[in-house]
Amino acid sequence: MIKSLAYLGINSPHYKEWEIFGPEVLGLQHAGYGPDGAVHLRLDEAAHRIAIHPGERDAIAYIGWSVKDEASAKTITDRITAYGLEVTRSRTQESAQRKVEGFYWFHDPSGFRHELSWGQYHTVAPFHPGRALKGFRTAEQGLGHIVLAVADLDEGDRFYREVLGFHQSDIVRDGPLEAHFYHINGRHHSLAITSLPTRDVAFLHLMIEANSLDDVGTAHDMCEQRGIPITTTLGRHSNDQMISFYMYTPSGFRLEYGWGGLDVDHDLWVPRTYDKPSSWGHRRQHQELTALKMVDTPSS
Ligand SMILES: [Fe+2]
């Protein structure tokens, strides 16, 4: 069983910009570099959870999930193999670069590379944020959540639930928008999927959750002061009740900076359907159109 979103890897020609963007705008800790020069960013006790690798084009490189141990990973990889997808075990060097004991990786039906990892390294030295803030809500809820545009929504829904074991939180149906949200721990959703009219696959956003609403406000101020495009205005989501805004990152994808996400109790939860993604705010800005065009298909 997958426990949480553990880490995320991005390829980007603008990876160096994250040395400033990560700590100063997001409040993350710059936690050194990978062997390829990747900028490692930390937001809690884990050695790092975000790695921005040098790359010729902006693209999502890998999505790291945590499982309890290798035996748990094998239970899932058996289902992935039965589904007809190839699964590969990490080499020692690759595991060390991800700062985990090991992982199995595969490409999902839309081509996104997922890694089922165990034994994430934790750093004893306390998290030292890049700017004064009260930290991020992670622990058993993991890094945050990601939203993917998949090639086929029905197939994606089936794959993530039946093969990977995600639990449905709810669905949003608003005109042409249909999005499915899934939980694997107390966080309302660690993954959501939708589809684009073009049927292109895309990495739409990463959400990180601050412990304080004031820190969301500070991040908002930082974006305005530095001319960082706010692609979706401050607002509150209907389903996870998160107050957040979305900014455009240096690597062509959006980052949702939020606070106050709903906890779910899996045993009691009954999936819902909402007619709007947000109860107030979250107006999409002109820049989002540019951002969507620039999100890239996953690397193979
Ligand atoms: Fe989100």
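Centroid-to-centroid, using Cα positions, segment 69-86 and segment 153-170 are 15 Å apart.
By the helix-only formula, in which each DSSP H run with n ≥ 4 contributes -39500 (n - 2.57) and the sum is divided by residues, the chain has a 222 nm mean residue ellipticity of -5000 deg cm²/dmol. Going down the list LYS16/LYS68; LYS3/LYS134; LYS16/LYS276; LYS74/LYS99; LYS74/LYS134; LYS3/LYS99, which pairs span over 29 Å between their C-alpha atoms? Among LYS16/LYS68; LYS3/LYS134; LYS16/LYS276; LYS74/LYS99; LYS74/LYS134; LYS3/LYS99, the Cα-Cα distance tops 29 Å for LYS16/LYS68; LYS16/LYS276; LYS74/LYS134.
Taking Cα centre as origin and charging only the Cβ of basic (Lys, Arg, +1) and acidic (Asp, Glu, -1) residues, the dipole magnitude of the chain rounds to 240 debye. Could you tell me whether the chain comes out rounded, prolate or oblate from its Cα gyration tensor? Rule is a ≥ b ≥ c as square roots of the eigenvalues, rounded for a/c under 1.5, then prolate if a/b exceeds b/c, otherwise oblate. Because its axes are fairly even, with a/c under 1.5, the chain counts as rounded.
Give me the percent of the accessible area of segment 1-109 that comes from carbon and sulfur atoms, probe 1.4 Å, all protein chains in place. After summing per-atom areas, the C and S share lands at 50 percent. The residue among ALA38, GLN285, SER212 whose Cα reaches farthest toward the positive pole of the charge dipole of the chain, with charges on the beta-carbon of Lys, Arg, Asp and Glu, is ALA38.
For segment 139-294, just say rounded, prolate or oblate: build the C-alpha gyration tensor, square-root its eigenvalues into a ≥ b ≥ c, call rounded for a/c under 1.5, and beyond that prolate if a/b exceeds b/c, oblate if not. Oblate is the answer for segment 139-294, as a/c is 1.5 or above yet b/c matches or exceeds a/b. Averaged over its residues, segment 228-267 has an accessible area of 28 Å² per residue, based on protein heavy atoms and a 1.4 Å probe. Remark: the Cα gyration tensor places segment 58-142 in the prolate category, a/c being 1.5 or greater and a/b exceeding b/c.
Seen from ALA151, the other residues with C-beta closer than 9 Å to its C-beta sum to a net charge of -2, counting Lys and Arg as +1 and Asp and Glu as -1. Ranked by the mean number of other Cβ atoms within 10 Å of their residues, highest first, the peptides 171-183, 268-280, 59-71 fall in the order 59-71, 171-183, 268-280. Rolling a 1.4 Å probe across the protein heavy atoms gives segment 38-85 an accessible surface of 35 Å² per residue. Accessible surface calculations at 1.4 Å, restricted to protein heavy atoms, place segment 143-201 at 34 Å² per residue.
Rounded to two decimals, the Cα radius of gyration of segment 165-213 over 2.2 N^0.38 Å is 1.30. Most tightly packed first, judged by the mean number of other beta-carbon atoms within 10 Å of their residues, the peptides 215-224, 117-126 read 215-224, 117-126. When the Cα centres of segment 10-54 and segment 177-219 are compared, how far apart do they sit, in Å? If you average the Cα positions of each part, the centres end up 20 Å apart.
The values are calculated or read from the model by the stated rules, or taken from the named source; none is laboratory data. Here the structure is a predicted model, which means the values were calculated and not measured. Neighbour counts are summed over all protein chains in view; Cβ atoms, including those assigned to glycine, are modelled from backbone coordinates with ideal geometry. Please note that ligands, DNA and RNA were not included when accessible areas were found on the heavy atoms of the full protein model with its side chains. Shrake-Rupley method; radii C 1.70, N 1.55, O 1.52, S 1.80 Å.
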